[in-house]
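The values are calculated or read from the model by the stated rules, or taken from the named source; none is laboratory data. As the structure is a prediction and not an experimental result, all values here were calculated from the model. Every residue, glycine among them, receives a Cβ derived from its backbone with ideal geometry; neighbour counts consider all protein chains shown. These accessible areas exclude ligands, DNA and RNA; they are computed on the full protein's heavy atoms, side chains included. Shrake-Rupley method; radii C 1.70, N 1.55, O 1.52, S 1.80 Å.
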Amino acid sequence: MHIQEIAELIYEYTSGYPYLVSALCKIMDEKLPGGKEFPDRTAAWTLAGVYEAVKRLEKEDNLLYQSLIGKLKLFPELKVGLQELLFNGKGIPYVATSDFIRDAAMYGFIRNDKDRAVISNRIFESVLYNYFIPEEFLGNKLYNTGEQEKNQFIVGGHLDMRRVLEKFIETFSELYGEEDETFVEKEGRKYFRLFLKPIINGVGNYCIEPQTRNSERMDIMIFYRGEQSILELKTWRGNAYNERGEKQLSGYLDYFHMKKGYMLSFNLRGATSQVDVLAHPFGDCRVSQISERKFGLNKKKTCGIKEIVLGDRVLIEAVV
């Protein structure tokens, strides 16, 4: 196996948490080999094997997870703070004298990342998502739409992210088109994740890049049957800010050696979804497709899908 590559990916999901590291290795070495996808240990000790082991570990009901969830039931204020951190992109400074920071760190929920509070590791983050979503949001209409229509988003065994974005825009606009901007800004990104979860549930997974978790943007890495997709969720702040977002997303594609990326913008200022192609900072840029399916939250907002070609990369941008 590629030891360095495997070790780095395991650390990326666990941040070195001893139990989680051991549990992943046990799954890869003892439980994965022998099936169609992983016929032997050589096949299991791969990047695909790590992703599968992570998916299985996140679904376990073990004593560690029970202990974490038990703390949330005992301390409601801890639960509220973690929900703000997870769902609303609320940046929380790591101040050791804060009651929330002290308790959350003591029980292992968070760690200090450059003086910001972040969830201790990606596996804990997914476990918390899986706990919070059924508890509070299973009655949500977007979640139910994703669950009822998930088959249309899988084409030839591949996740059709463009279709996912189109359907989300349509459904979100129909359900919440009359809501005010405060609602859209606070709830929009949370509701997209609720929409996505049942579509990939059981087969795929996703995680949020901690360095981009803030009030304006959030990057999600989506995994489905060994394939990865990068999606940036952001609040629309005008064309200049949007172009910076395109540049950042393009940089992520370079880093992960990918040719296609996705962006979902929540338009709060009434700007249209069109871009000035001639003034675009990448130079070699053209809008190759604009979806004819348009959905408006109100008269001041233009929503839809557009495809932008930047050299040899393609960005699928959706605006709601």
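Could you go through the stretch 55-72 and let me know if any residue there is outside any loop (DSSP other than H, G, I, E, B), open to solvent by less than 80 Å² (accessible area, probe 1.4 Å), more than 24 Å from N201 (Cβ to Cβ) and basic (K, R).
Within the stretch 55-72 (the criterion being outside any loop (DSSP other than H, G, I, E, B), open to solvent by less than 80 Å² (accessible area, probe 1.4 Å), more than 24 Å from N201 (Cβ to Cβ) and basic (K, R)), the answer is yes, since at least one residue qualifies.
Taking the stretch 154-181 on its own, how many of its residues are in contact with a Leu (Cβ under 9 Å, 6 or more places away or on another chain), outside any helix (DSSP H, G or I) and either at pLDDT 75 or above or closer than 21 Å to L86 by Cα (or both)? Break it down into steps so the answer makes sense when it comes.
Taking the stretch 154-181 as the starting set, the residues that turn out to be in contact with a Leu (Cβ under 9 Å, 6 or more places away or on another chain) are 161, 164-165, 168-169, 171-173, 175-179, 181.
Add one more test, that the residue is outside any helix (DSSP H, G or I), and what stays is 177-179.
From the residues that got through so far, the ones that are either at pLDDT 75 or above or closer than 21 Å to L86 by Cα (or both) too are none.
Total satisfying the criteria: 0.
Considering only the stretch 34-49, state which residues are open to solvent by 50 Å² or more (accessible area, probe 1.4 Å) and β-branched (V, I, T).
T42
May I ask you to list the residues in the stretch 84-100 that are closer than 13 Å to A117 by Cβ and either aromatic (F, W, Y) or surrounded by 15 or more Cβ atoms within 10 Å (Cβ to Cβ) (or both)?
Listed by number, the residues that qualify are L85, L86, G89, K90, I92, Y94, S98, F100.
Go through the stretch 242-268 residue by residue and tally those that are open to solvent by 10 Å² or more (accessible area, probe 1.4 Å), of a type in the set (S, T, Y) and at pLDDT below 85.
2
Among the listed residues Y131, Y143, identify the single one that is closer than 21 Å to E60 by Cα and either modelled with pLDDT under 90 or open to solvent by 60 Å² or more (accessible area, probe 1.4 Å) (or both).
Y131
Name every residue in the stretch 182-241 that is modelled with pLDDT of 80 or more, crowded, with 17+ Cβ neighbours inside 10 Å and not in a strand (DSSP E or B), in order of residue number.
Listed by number, the residues that qualify are Y191, F192, R193, L194, F195, L196, K197, P198, I199, I200.
Are any residues in the stretch 49-89 closer than 14 Å to E125 by Cβ and of a type in the set (S, T, Y), and if so, which ones?
Y65 - this is the single residue of the stretch 49-89 that is closer than 14 Å to E125 by Cβ and of a type in the set (S, T, Y).
For the condition out of contact with any Asp or Glu (no Cβ under 6 Å at 6 or more places or on another chain), assigned to a helix (DSSP H, G or I) and buried (at least 16 other Cβ atoms within 10 Å of the Cβ), what is the one hit in E30, E12, E52?
E52
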